[in-house]
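Data first, discussion second: the structure below is written as structure tokens.
The values are calculated or read from the model by the stated rules, or taken from the named source; none is laboratory data. Just so you know, these numbers come straight off a predicted model, no measurement behind them. No Cβ is skipped: glycine too gets one built from the backbone with ideal geometry, and neighbour counts run over all protein chains shown. The protein model used for the area step is the full one, side chains on, heavy atoms only, and it has no ligands, DNA or RNA in it. Shrake-Rupley method; radii C 1.70, N 1.55, O 1.52, S 1.80 Å.
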Amino acid sequence: MHPKISGYRMINITFPDNRIKQYESGTTGLEIARSISEGLARNVISVKINDEVWDATRPITFDARIKLLTWEDEEGKGTYWHSSAHLLAEAVELLYPGVKFGIGPHIESGFYYDIDFGDYTISSEDLPKIENKMLELAREKQLFSRKEVTKQEALEYFSQKGDEYKLELINDLADGQITFYESGKFTDLCRGPHLADTSQIKAVKLLNIAGAYWRGDEKRKQLTRIYGITFPKQKELTDYLVLLEEAKKRDHRKLGKDLELFFFSQKVGMGLPIWLPKGTLLRERLEMFLKRVQKKAGYQQVICPHIGNVELYKTSGHYQKYGESSFHPITTPVPGEEFFLKPMNCPHHCEVYKSKPRSYKDLPVRIAEFGTVYRYEQSGELHGLTRVRGFTQDDAHIFCTPEQVKDEFKGVMDIVMLIFKALDFKEFITQISLRDKNNKEKYIGSDENWDKAEKAILEVAEERGLKTVIEYGEAAFYGPKMDFMVKDALGRKWQLGTIQVDYNLPDRFELEYIGNDNQKHRPVMIHRAPFGSMERFVAVLLEHTAGKFPLWLTPDQAIILPISEKYQKYAEKVLSLLNNSDIRAQIDDRNEKAGKKIRDAELMKIPYMLVVGEKEEGEGTVSVRRQGQGDLGPQKIDDFIHFLNEEVKKELGEIL
RNA sequence: GCCGAUGUAGCUCAGCUGGUAGAGCAGCUGAUUUGUAAUCAGCUGGUCGGCGGUUCGAAUCCGUCCAUCGGCUCCA
């Protein structure tokens, strides 16, 4: 630290451990880091001043709390990757003069930049060239320098450059809060912060190239988005790429094929999954599990047809909103008669509710169905089992009094949590989706009802102490909702469970119950699907478990491996004993050596392999091998049955 | 739907700048009767995604359509 010179104002800097140190006004975060240690100064990326992230080189002129951010901090990584996006832009501008730039933010892993390449055509083959340029520029140790500019200056700069995207962004900003960042020959409109210089960027990988609409609006021009990631060490990049490869091995589309769970047929149609025998076994067990839970919770199962008359959807309001962009209606020999493949189960369930008069004493009425629905998703949207055109919702609709809404909502949340626990989903995001308050015409139903519904959800989340993310404008058109999202192997977020409060459909269907005042009242409806859909749930479950399902769920719990044909009879005896005890097993009776059978069973991820040969037949035992763990030694058949049933109980014991 | 890439046997993949298709696994047949992650041999199997075009000649070049993959947009 500089010696104190009279006339310099001192400022108090508070560190995360609440220690306070004095520095001269105008000291930078980097200098503060250096005052602690040279090593820290080398690693500091940016600094958090109070609640704002700053450049490490920006002078601090007031008392503040400080946190020095490094690669270990999420915000530090953010700064690092955002600076990398600038480096990408600079490289691109040098290689392709005259290109125009959209935005270039950091993301969870890495960064991207949206670029209008004009007349250049760019493909993934061009990426290595850009990577090399980036590395070359990084080594030049270019300083990132921050400059405050007036709106006028900003507009002039980008008018001259001819970048209409930046001009549009600047026009949305207020004068007095516009900053430019300059690195090398590249100047960008940017709030910052940035690295001190580019030399900290040591390893660069541009991952892929994609189209992205300017400002996310499909009516506007599509820019070219380049995704990339950078690291301070080459080793970290290598590790990251290995991790990506590993993640791909968990892809549910690959595992679904390998484990013979499901497949798609071009002849049947895109986005229409076909469940194979093993996948069906798995799915049926999931359904049985939820049916048991729901029976306990007072649900009643129903079964409805797969099509519904157009009048049903006119009543529900879905026809007006989705009629055109959906599967087209099914016509009949009767002129004017139209049916729709059902895109959701709620209208049918409203009719179930209406099938007889309801008393307040009957409520809540909980109507459940594993309902298969069909939606015409855009072709580019389809993705394995996670986004399909035909799928089965573990749907239910709860009809209750307004007073019961909160309790019912809580009851549903308990079921979701139970499922997540049974299947070991520890990391999930709970999102509350509310209305976009500035764009209310997107939604149907009264303001008053919306406010009531939104309030109920927020209160329940609060009472349950659930950590939530609130998203405005993400609500369904008929009501607010709470969704549970889980990430797949590659970090993409998928919505699984959903709970939606709906004050609108009961109105449209004129649903009623007789209250204790002998008057007619309108029930409230709660839509809910704890799995979301069987397809998506199984997809995410596959990626979480890498195909090693819990014992209670897995299609085959055991496989019997006779050493040779001589022991076929004995194998069959073992199988029938297992089957009698409700253990799902099969025999590998191929003319193969034991090693081969074991290898194949390991690859099919069957939890228990039971080797039987001369010794086992003589002693009435099986030699047990656990998938992924190896030989556990011989056990009496009855002991193994008992052991396996106990294992299943351990998994489900507390839950059921 | 949009941008970009890909499409060879059931699966995983090879096939240089155009000369008429190949491996491993799987399957079938036979031999072997096997002890904790691949027994050996033989055989079958492909209008090289579909359709057009250029060419003496196309898996290879061009166009178009379809499907898949990575994103964008969308997701009742």
In region A:185-202, how many are farther than 16 Å from A:V53 by Cβ and part of a loop (DSSP other than H, G, I, E, B)? 3
Can you tell me which of A:G479, A:G473 is surrounded by 16 or more Cβ atoms within 10 Å (Cβ to Cβ), within 24 Å of A:K455 (Cα to Cα) and within 12 Å of RNA strand B (Cβ to nearest atom)? A:G479
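Restricted to region A:266-289, and to residues that are among the hydrophobic types (A, V, I, L, M, F, W, C) and open to solvent by less than 40 Å² (accessible area, probe 1.4 Å), which residue is nearest to A:G547 (Cα to Cα)? Spell out how you get there, then give the answer.
Within region A:266-289, the first condition is being among the hydrophobic types (A, V, I, L, M, F, W, C), and the residues that meet it are A:268, A:270, A:272, A:274-276, A:281-282, A:286, A:288-289.
From what's left, open to solvent by less than 40 Å² (accessible area, probe 1.4 Å): A:282, A:286, A:289.
On the way: A:L282: 11, A:L286: 15, A:F289: 19 Å.
Within region A:266-289, the match that is nearest to A:G547 (Cα to Cα) is A:L282.
Quick one: would you say A:I209 is at pLDDT below 95, in a strand (DSSP E or B), hydrophobic (A, V, I, L, M, F, W, C) and under 33 Å from the mean Cα position of the chain (by Cα)? Working first, answer last.
Working: at pLDDT below 95: yes; in a strand (DSSP E or B): yes; hydrophobic (A, V, I, L, M, F, W, C): yes; under 33 Å from the mean Cα position of the chain (by Cα): yes.
Answer is yes for this residue.
Given the structure, is A:R625 crowded, with 20+ Cβ neighbours inside 10 Å, among the charged types (D, E, K, R) and near RNA strand B (Cβ under 6 Å from one of its atoms)?
Values: crowded, with 20+ Cβ neighbours inside 10 Å: yes; among the charged types (D, E, K, R): yes; near RNA strand B (Cβ under 6 Å from one of its atoms): yes.
Answer is yes for this residue.
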Filter region A:392-403 down to the residues that are surrounded by 18 or more Cβ atoms within 10 Å (Cβ to Cβ) and either farther than 18 Å from A:K481 by Cβ or β-branched (V, I, T) (or both) and list them by number. A:T392, A:I398
Please determine whether any residue of region A:316-326 is of a type in the set (G, A, S), within 14 Å of RNA strand B (Cβ to nearest atom), touching a strand residue (DSSP E or B) at 6+ places or on another chain (Cβ under 9 Å) and open to solvent by 20 Å² or more (accessible area, probe 1.4 Å). yes
Tell me, please, whether a residue that is open to solvent by 90 Å² or more (accessible area, probe 1.4 Å), of a type in the set (K, R) and touching a residue at least 40 places away in the same chain (Cβ under 8 Å) can be found in region A:220-227. yes
Inspect region A:330-341 for any residue being at pLDDT below 95, open to solvent by 80 Å² or more (accessible area, probe 1.4 Å) and part of a helix (DSSP H, G or I) and give the result as yes or no. no
State which residue pairs qualify: first residue under 18 Å from A:S109 (Cα atoms) and inside region A:200-218, second residue more than 13 Å from RNA strand B (Cβ to nearest atom) and among the acidic types (D, E) in any location, beta carbons under 8 Å apart, and separation of 6 or more residues or different chains. A:A203/A:E236; A:V204/A:E131; A:K205/A:E131; A:L206/A:E131
So which residues in region A:593-622 are near RNA strand B (Cβ under 7 Å from one of its atoms), surrounded by fewer than 21 Cβ atoms within 10 Å (Cβ to Cβ) and not aliphatic (A, V, I, L, M), if there are any at all? A:K593, A:G595, A:K596, A:R599, A:E602, A:G613, A:E614, A:K615
Going by the structure shown, is A:I107 within 29 Å of A:D217 (Cβ to Cβ) and in contact with a strand residue (DSSP E or B) (Cβ under 9 Å, 6 or more places away or on another chain)? yes
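Scan region A:629-641 residue by residue and report those that are within 11 Å of RNA strand B (Cβ to nearest atom) and either touching a Lys or Arg at 6+ places or on another chain (Cβ under 7 Å) or of a type in the set (V, I, T) (or both). Spell out how you get there, then give the answer.
Taking region A:629-641 and keeping what is within 11 Å of RNA strand B (Cβ to nearest atom), we get A:629-635.
Result: A:D631, A:L632.
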Among the residues of region A:465-474, is there at least one that is of a type in the set (V, I, T) and part of a loop (DSSP other than H, G, I, E, B)? no
For the structure I just gave you, tell me whether A:M485 is in a strand (DSSP E or B), within 15 Å of RNA strand B (Cβ to nearest atom), at pLDDT 90 or above and over 23 Å from A:E403 (Cα atoms). yes
Test result for A:G532, within 11 Å of RNA strand B (Cβ to nearest atom), within 30 Å of A:V365 (Cα to Cα) and not in a strand (DSSP E or B): yes
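Here's the yes/no breakdown for (1) within 16 Å of RNA strand B (Cβ to nearest atom); (2) open to solvent by less than 10 Å² (accessible area, probe 1.4 Å); (3) among the charged types (D, E, K, R); (4) under 21 Å from A:A210 (Cα atoms):
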{"position": "A:D63", "(1), (2), (3), (4)": "no, no, yes, no"}
{"position": "A:G98", "(1), (2), (3), (4)": "no, no, no, yes"}
{"position": "A:I103", "(1), (2), (3), (4)": "yes, no, no, yes"}
{"position": "A:G118", "(1), (2), (3), (4)": "yes, no, no, yes"}
{"position": "A:V149", "(1), (2), (3), (4)": "no, no, no, no"}
Could you say whether any residue in region A:384-398 is touching a Pro at 6+ places or on another chain (Cβ under 9 Å), farther than 23 Å from A:L496 by Cα, away from RNA strand B (no atom under 12 Å from the Cβ) and not basic (K, R)? no
Screening A:G279, A:G228 for residues that are more than 10 Å from RNA strand B (Cβ to nearest atom) and either assigned to a loop (DSSP other than H, G, I, E, B) or within 30 Å of A:P343 (Cα to Cα) (or both) leaves only A:G279
What's the number of the condition A:T430 fails, among (1) open to solvent by 10 Å² or more (accessible area, probe 1.4 Å); (2) part of a strand (DSSP E or B)? (1)
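Of A:R292, A:R250, which residue is away from RNA strand B (no atom under 16 Å from the Cβ) and open to solvent by 50 Å² or more (accessible area, probe 1.4 Å)? Break it down stepwise before answering.
Numbers: A:R250 fails: away from RNA strand B (no atom under 16 Å from the Cβ).
Exactly one of A:R292, A:R250 is away from RNA strand B (no atom under 16 Å from the Cβ) and open to solvent by 50 Å² or more (accessible area, probe 1.4 Å), namely A:R292.
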Within region A:559-588, residues being away from RNA strand B (no atom under 13 Å from the Cβ), under 26 Å from A:A422 (Cβ atoms) and either in a loop (DSSP other than H, G, I, E, B) or open to solvent by less than 40 Å² (accessible area, probe 1.4 Å) (or both) number 6
Count - residues of region A:496-529 that are open to solvent by 50 Å² or more (accessible area, probe 1.4 Å) and either among the β-branched types (V, I, T) or part of a strand (DSSP E or B) (or both): 3
Just to confirm my filter: which helices (runs of 4 or more DSSP H) fall fully inside region A:15-109 and include at least 1 residues that are of a type in the set (K, R) and closer than 27 Å to A:E136 by Cα? A:38-43, A:74-95
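Here's a check for you: in region A:354-373, which residue that is under 18 Å from A:A297 (Cα atoms) and more than 30 Å from the chain's Cα centre (by Cα) is surrounded by the fewest Cβ atoms within 10 Å (Cβ to Cβ)? Write out each step before concluding.
Applying the first criterion (under 18 Å from A:A297 (Cα atoms)) to region A:354-373 yields A:361-370.
So of that shortlist, the ones also more than 30 Å from the chain's Cα centre (by Cα) come out as A:361-365.
Numbers: A:K361: 9, A:D362: 14, A:L363: 20, A:P364: 18, A:V365: 19.
Only one residue tops the list, namely A:K361.
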